[in-house]
1. Look at residue 73 and say whether it is under 15 Å from residue 35 (Cβ atoms), under 13 Å from the mean Cα position of the chain (by Cα) and of a type outside the set (Lys, Arg).
2. Taking residue 40 as the residue in question, decide whether it is farther than 26 Å from residue 102 by Cα and of a type in the set (S, T, N, Q).
3. All but one of (1) touching a helix residue (DSSP H, G or I) at 6+ places or on another chain (Cβ under 6 Å); (2) hydroxyl-bearing (Ser, Thr, Tyr); (3) under 26 Å from residue 97 (Cα atoms) hold for residue 47; state the number of the condition that does not hold.
4. Return the residue satisfying two criteria in turn: it lies in the range 1-35 and is at pLDDT below 95 and hydroxyl-bearing (Ser, Thr, Tyr), and of such residues it is nearest to residue 84 (Cα to Cα).
5. Could you list, in sequence order, the residues of the range 22-31 that are among the small types (Gly, Ala, Ser) and either outside any loop (DSSP other than H, G, I, E, B) or open to solvent by less than 10 Å² (accessible area, probe 1.4 Å) (or both)?
6. Here are some residues: 55, 41, 13, 37. Which one is among the small types (Gly, Ala, Ser), over 16 Å from the mean Cα position of the chain (by Cα) and on the phi > 0 side of the Ramachandran plot?
7. Condition (residue is among the charged types (D, E, K, R) and on the phi > 0 side of the Ramachandran plot) applied to the range 72-81: is it met by at least one residue?
8. As an exercise: evaluate residue 34 against (1) open to solvent by 80 Å² or more (accessible area, probe 1.4 Å); (2) in a strand (DSSP E or B) and give the number of the one condition it does not meet.
Amino acid sequence: MSEIKHCRLLILGSGPAGYTSAVYAARANLNPVLVTGFEQGGQLTTTTDVDNWPGDHQGVQGPDLMERMRKHAERFDTEIVFDHIKAVDFKQRPFSLTGDSGQYSCDALIIA
């Protein structure tokens with residue numbers, strides 16, 4: 001049986017919401033662990049022109065934006081795990097999660 005990785009805060013999803021959650025949580029010293037899911041960076045990695053992103057007045061390419069967001073989360077020591085969660089048990093705390101590559105438990109969970 002594999003070892004269960006426990007974390008205070010686990011974030012599911014590596015799109016804009018996941019990385020934004022990671023930045024805020026890391027800056028609050030919550031030591032977040034972000035699980036990427038199937039596609040690191042989410043749907044924006046397959047998007048060309050993103051013209052509605054604040055601060056990029058000339059637009060930005062989706063993959064470039066997601067790369068910047070990943071680096072921002074890593075700057076604050078977010079741990080990024082490449083896995084896909086296929087089952088979650090919310091019946092008791094800590095929450096229990098099963099991924100394709102590992103087992104996890106967490107005190108708090110953000111689904112992004």
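The values are calculated or read from the model by the stated rules, or taken from the named source; none is laboratory data. Just so it is clear, the structure is predicted and the values come from calculations on it, not from any experiment. Quick reminder, even Gly has a Cβ in these numbers, built from the backbone with ideal geometry, and neighbours come from all protein chains shown. In case anyone asks, the SASA skips ligands and DNA or RNA and just uses the protein heavy atoms, side chains included. Shrake-Rupley method; radii C 1.70, N 1.55, O 1.52, S 1.80 Å.
1. Numbers: under 15 Å from residue 35 (Cβ atoms): yes; under 13 Å from the mean Cα position of the chain (by Cα): yes; of a type outside the set (Lys, Arg): yes.
Answer is yes for this residue.
2. Criteria not met by residue 40.
3. Just one mismatch for residue 47, condition (3).
4. The extreme case among them is 14.
5. Taking the range 22-31 first, the residues among the small types (Gly, Ala, Ser) are 22, 25-26, 28.
Selection gives 22, 25, 26.
6. Numbers: 41 fails: over 16 Å from the mean Cα position of the chain (by Cα); 13 fails: over 16 Å from the mean Cα position of the chain (by Cα); 37 fails: over 16 Å from the mean Cα position of the chain (by Cα).
After ruling out the rest, the residue left standing is 55.
7. Going residue by residue through the range 72-81, those that are among the charged types (D, E, K, R) are 74-75, 77, 79.
Filter once more, keeping what is on the phi > 0 side of the Ramachandran plot: 77.
Looking through the range 72-81, at least one residue is among the charged types (D, E, K, R) and on the phi > 0 side of the Ramachandran plot.
8. Failed condition: (1).
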